[in-house]
1. Work out, in µm²/s and without decimals, the Stokes-Einstein translational diffusion coefficient of the stretch 457-536 at 20 °C, 1.002 mPa s, Rh from Kirkwood over C-alpha pairs.
2. Per residue, how much accessible area does the chain have with a 1.4 Å probe, in Å²?
3. Need one word for the stretch 15-101: rounded, prolate or oblate. Basis is the Cα gyration tensor (sqrt eigenvalues a ≥ b ≥ c); a/c below 1.5 gives rounded, then a/b vs b/c decides.
4. Carbon and sulfur together cover what percent of the accessible area of the stretch 288-417 at a 1.4 Å probe radius?
5. Let me know the charge dipole size of the stretch 357-478 about its Cα centre in debye, to the nearest 20, where only the beta-carbon of Lys, Arg (+1) and Asp, Glu (-1) is charged.
6. Counting Lys and Arg as +1 and Asp and Glu as -1, each charge on the Cβ, what is the dipole of the chain about the Cα centre in debye, to the nearest 20?
7. Rg to Rh ratio, the stretch 344-410, alpha-carbon atoms and Kirkwood radius?
8. Per residue, how big is the convex hull of the chain when only Cα atoms are used? Give it in Å³.
Amino acid sequence: MQKLDCEFLVAGGGIAGMCAAVAAARKGLKVILINDRSVLGGNASSEIGVGISGASHHGLNPAIYAKEGGLVEELRLNMLNYQSMGGYGFGAMLDAVFFDFIYNEKNITLMLNTLVEDCCVENEKIVYCRARHCVNNEELEISAENYLDATGNGTLALAAGAEFMIGREGKDEFGEFWAPEKHDSFTMGNSIYFETEDAGHEVKFTPPAFAHDITKMDFLKDINKPENFRGFSVYGPHWAYEFGGQLDILKDHNETELELRKLIYGIWDYVKNSGKYPQAKNMRLKRVFAKAGTRESRRFIGDYILNENDVENKVDFEDSVAIGGWPMDIHAPLGIYDKLPASNFVPVTGTYNIPFKSLYSRDVKNLMLAGRNISATHIALGSTRVMATCGALGQAVGTAAYLCCKYGVTPRTIAKEYIKELQDILLSDDQTILHRHDSVFEGFTASATSEMAYENIDIDEFMPLERDYSLALMCDTERIDSLEIYAKGKGMLRFKVLTGTHKETFLPDTVVNDSAVEINGEGWVTIPVNSCTGKDEKIYVVFCENPGIELAIAKKRVIGAVTERMHTESNHEKKNHDSVPLDKKTGYTHLDHAYEKNRNILFKNITPEQRVFAAENAVNGYARPYGSQNIWLPEKLPATLTLTADTPKPCNRLDIIFDNSLDVDEKATAMHGTLAEEFDLKVYTKDGIKTFSQTHNIQRVAHFDINADIEKIEITVKKSYGENAGIYGIRIK
């Protein structure tokens, strides 16, 4: 037996485990990361192939700038960099990025193909765990001060005897509306992904002997009902080909994976050979992924169990350490064989905070949790289980492990006595925590060579007002008197003004004005808004349906100005399943904003003037839009931002936070056009000037070691990846 020791043992090499290991290692902890597979990434690995989704819900969340920061965004930007070069296939890219992420950290020892088998627990603390290498059979005894279970299924926590939940809680347990009446053993099922490719000529397909004959199966008759989300796909993976939730998702794992393979090959046989999918003629089955992705199994009990009501009511926990925002995406337990839709998408309508007390075991004192095994109900897990959220949880517990070692205390003590320090460190490392901001950058005056005007004035096309459309505007004044839009046609243009409540979302809830202006021809038209902003610091100007009038629109979307498609009772049936519900007192039932990203209503000349892209935003402590835009944007590049200290400020490290298109879908495949690619940095100190130059920046946060007292900082953004590029903030540490 080989005996090893470390300060932090992380079991599980998925997104949560990797982010936890890196967070702890960068704080100086000696970390051992063990993973029972030969590759990293968990459900996002090259073996399983699921995309890294999170709070933004593919850009559909009404908290439009909801995409996580921190380590998980560092990972995603690394992936975009590899993809944009074109030299990697998808699987090879995943392996390259994930291994780079871990191997570049000198404080991490990575042990692949290694499975936790047992734990020694004394006085409610893990003393050591035993693990075995799955190939060479080597046995390991690993001691640590603190442990993390990020295995998904809770292998380490189970061995330590930690209490857990499995199945669906009944309504009487947590008062959850979407819970079943009584507790049962059902979970969400598993899915195996597949890939297809165009062969360039017609190809035949013969299924393997074990494949299902889909024509003899009952689910086929309802497979293409749009409301069931299970339609057959010619072009690749489909999450809804699911099975296993009605079984013991752990004990019956082999049976589940076999059934999924029978389904995948049988479905492709039907697509190729039924004659109902002529577009499949040249398509061939490129790959069936090696392993099923698991949505749910054991959930371990912490000092707090996150539930549906917390998510819906967006409870602001004192110990908040990360955000979620994916819908409560609750899959039908019988999977593809269920009569119900594949998933019940319960909207979250914004982002919410996740408490640290849900990220450690209540009965094993030095055991933390991250990923889909955290302390949450089945319903709440429907939202927290997606991988970008899991990565943010990993960063939180990895940072907490550092504080546990620093003070020689347990995670529970961190939650009670050191939570503010944990939150401050997370914020300074670009973690997003709702309603919190970093206050470390004070005593600097900001100026810039230019500042972008708050307008969108270049016409791409015209949009007939065949339904109601809202122009939602973040503002930096308490009221808007007027603005101009570009329209053509003839008739009265009725408009309503609405306001909202939550700074992070674009959701109107109150009508404050209802008026009209006459349109006669084509040109800029003044809209007398005459309204105060709401608690969310926004104004929503809704232009009402009038087929005789067209509004000029642009493909460009300006930060903080969002066009929303509004649904009334009369066109309610046209909404999508992921349309955002509204308070019906507004006169609207739902809105869509993601489907209008390339149809943005033109505007200019807002009065009073809105200096929403001023240089001062770079030192206000917020690193993303929240109420206001919180970004410096120049008129054009190159441009320079200058920060002058009132008195010299000590600085070990300086961070620059760039614009990484927080409103862009996580499915992007190229570097964000708004990201600064080339920039120069000059740091004026008492001892002279330190200069830095970056010609191929790929990250939202750029780090620089200074180790001096700063008098002035100059950042010149020279080039972006295609669009205007701004700066969300500067941090000194």
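The values are calculated or read from the model by the stated rules, or taken from the named source; none is laboratory data. Model, not experiment: these values are computed from the prediction. All Cβ positions, even for glycine, are placed from backbone atoms using ideal geometry, and neighbour counts span all protein chains on display. For the accessible areas, the whole protein counts, side chains as well, though only heavy atoms, and no ligand, DNA or RNA atoms are used. Shrake-Rupley method; radii C 1.70, N 1.55, O 1.52, S 1.80 Å.
1. My calculation gives 154 µm²/s for D.
2. 38
3. Note, shape of the stretch 15-101 comes out oblate.
4. Roughly 49 percent, rounded to a whole number.
5. The dipole of the stretch 357-478 has a size of about 1540 debye.
6. With only Lys, Arg, Asp and Glu charged at Cβ, the dipole is about 980 debye.
7. Rg/Rh for the stretch 344-410 comes to 1.02.
8. Once divided by residue count, the hull of the chain is 171 Å³.
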